[in-house]
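Undergrad: Dropping a structure here in structure tokens format, bear with me for questions.
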Amino acid sequence: MSTRKLARIYYFSGTGNTYWSAKKLAGRLGDAEILPISREIKRPGLRIEADAVVFMFPAYAYGTPVMVRRFLEKAEIHADYLAALVSFGTSPGGALAEVRRVLGRKNLSLNYAGRIPAVENFIPIFGAQGAKKREARLLLQAEATEQVAAAILSRVNNKSPTFRPFSSFVSALFRFARPNMSGLYRRTGACTACGLCARICPAGAIAMTDKGPVFQKNCEQCQACLNFCPCRAISFGRMQPGTERYHHPEVTLGELFDSPQEGVLG
């Protein structure tokens with residue numbers, strides 16, 4: 001009987017793209033545990049120990065989500081093999097380079113960096129993608145997820161540059177503006193104050209009132225609330241309420257609600 005420790009997959013996901021790939025990866029790795037960063041970051045003593053550890057997250061403005069960066073900075077990591085996988089709709093930018101830099105400051109080396117194309121979900125800026133493009137991107141995501149799974153199973157090592165000045169600049173601007181961007185969210189009269197948006201928010205950045213959600217400054221801009229709202233009652237900036245929304249078609253609300261509780265896959 002093998003005494004190999006579990007592989008651990010830590011993920012951050014808003015609309016389900018990254019979670020879907022994390023779930024598929026866990027299935028391919030076999031003896032794996034999948035854990036949401038939104039829960040694990042709250043642990044007072046954040047120690048990660050496994051043969052293989054994989055960090056999965058979407059690219060936000062060419063960089064990592066703020067919560068992911070804080071998680072990497074906080075965690076005490078002990079692993080024989082470290083991998084980071086970035087999902088992206090438009091461009092992965094320098095997100096993986098950022099992870100290498102953060103880990104490097106902790107005297108840790110990233111063994112494998114992988115990229116997973118997905119459907120763009122920042123609809124207020126990029127708009128809703130058409131059905132054919134969504135189908136093509138979902139296929140690309142499935143293929144890329146299989147490829148990175150094979151690489152991790154084989155313990156592939158690769159290299160990528162850590163110096164990405166343009167990406168670092170754009171990402172820094174985003175992090176600076178992020179607290180004030182919560183003021184661009186608005187609820188319409190279609191809001192029923194059901195509370196789903198608050199439950200789905202991985203950052204806990206939505207407070208519910210009798211009139212509906214109030215968006216707070218620790219918002220990560222994952223767009224989960226906007227895309228999952230059953231009434232399309234949440235808009236951002238000049239986005240029209242009737243604009244088509246997106247979340248991964250094979251990820252249910254129940255999975256995203258339940259994954260922060262147990263999240264163990266075999």
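Undergrad: Determine the shape class of the stretch 161-266: with a ≥ b ≥ c the square roots of the Cα gyration tensor eigenvalues, call it rounded for a/c under 1.5, and otherwise prolate if a/b is greater than b/c, oblate otherwise.
TA: Values: a/c = 1.81, a/b = 1.20, b/c = 1.51.
Verdict is oblate for the stretch 161-266.
Undergrad: Once you've got the Cα coordinates, tell me which of K74/K133; K42/K159; K24/K106; K133/K217; K24/K132 are over 27 Å apart. Intermediate results must be reported in sequence, preceding the final value.
TA: On the way: K74/K133 38 Å; K42/K159 31 Å; K24/K106 29 Å; K133/K217 33 Å; K24/K132 23 Å.
In this structure, K74/K133; K42/K159; K24/K106; K133/K217 lie more than 27 Å apart at Cα.
Undergrad: Just reorder E135, E143 by solvent-accessible area, largest first, 1.4 Å probe, all chains present. All intermediate terms of the calculation are to be shown ahead of the outcome.
TA: Working: E135 130, E143 90 Å².
Heavy-atom accessible area, descending, gives E135, E143.
Undergrad: When the convex hull of the Cα atoms of the chain is projected onto a plane and the area is averaged over all directions, what value comes out in nm²?
TA: On the way: hull surface 56.0 nm².
Answer in nm², one decimal: 14.0.
Undergrad: May I ask you to give the solvent-accessible area per residue for the chain, in square angstrom, as obtained with a 1.4 angstrom probe? Mind dumping the intermediate values first?
TA: Numbers: 12330 Å² over 266 residues.
Per-residue value: 46 Å².
Undergrad: Mind checking which helices in the chain clear 15 Å along their axis (Cα) and have mean Kyte-Doolittle hydropathy of 0.0 or more, DSSP H runs only?
TA: Values: long enough: 17-29 (18 Å, -0.67); 131-153 (33 Å, 0.07); 165-181 (24 Å, 0.39).
Result, helices passing both filters: 131-153, 165-181.
Undergrad: Using a cut-off of under 17 Å, list every residue of the stretch 201-222 whose amide N is near the label point 7 Å from the Cα of C231 along the Cα-to-beta-carbon line.
TA: Taking a point 7 Å out along Cα→Cβ of C231, the residues of the stretch 201-222 whose backbone N falls under 17 Å are 207-215.
Undergrad: How much net charge surrounds L138 when only the other residues with a Cβ under 15 Å from the Cβ of L138 are counted, with Lys and Arg +1 and Asp and Glu -1?
TA: Values: positive: K23, K24, K132, K133, R134, R137; negative: E120, E135, E143, E146, E250.
Summing Lys/Arg as +1 and Asp/Glu as -1 gives +1.
Undergrad: Just checking the chain: which Cys have no other cysteine's beta-carbon under 4.7 Å?
TA: C191, C194, C201, C219, C222, C229, C231
Undergrad: Just grab the label-to-label distance for F169 and S91, each label 7 Å out from Cα along the Cβ direction, in nm (one decimal).
TA: 1.2
Undergrad: Counting only other residues whose beta carbon sits under 12 Å from that of R105, what net charge do I get with K and R as +1, D and E as -1? Present the calculation step by step, with values, prior to reporting the outcome.
TA: Numbers: positive: R69, R100, R101, K106; negative: E73, E98.
That sum, taken over residues with Cβ under 12 Å, equals +2.
Undergrad: Using r as the Cβ-Cβ distance of A128 and R70, and R0 as 25 Å, what FRET efficiency do you calculate, to the nearest 0.05?
TA: Working: r = 31 Å, r/R0 = 1.23.
The calculated FRET efficiency here is 0.25.
Undergrad: What GluC sites (Glu not before Pro) in the stretch 153-256 are in a loop by DSSP, with at most 16 other Cβ atoms within 10 Å of the Cβ? Write down the numbers at each step before the final one.
TA: Details: sites: E220, E244, E250, E255; in loops: E220, E244, E250.
Listed in order of number, the matching sites are E244, E250.
Undergrad: Please compute the length gained on full extension between N158 and A136, using 0.36 nm multiplied by the number of residues separating them and subtracting their Cα-Cα distance. Show your work: numbers first, answer last.
TA: Numbers: separation 22, 0.36 × 22 = 7.92 nm, distance 2.69 nm.
That works out to 5.2 nm of additional length.
Undergrad: Quick check for me: using +1 on Lys/Arg Cβ and -1 on Asp/Glu Cβ, what's the dipole size of the chain about its Cα centre, in debye to the nearest 20?
TA: Details: 35 positive and 20 negative charges, 154 e Å.
With Lys and Arg at +1 and Asp and Glu at -1, about 740 debye.
The values are calculated or read from the model by the stated rules, or taken from the named source; none is laboratory data. Worth saying up front: this structure is predicted, and the values here are computed from it rather than measured. Reconstructed Cβ throughout: ideal geometry from the backbone, glycine too, with neighbour counts over all protein chains shown. For accessibility, only protein heavy atoms count, side chains too; no ligands or nucleic acids. Shrake-Rupley method; radii C 1.70, N 1.55, O 1.52, S 1.80 Å.
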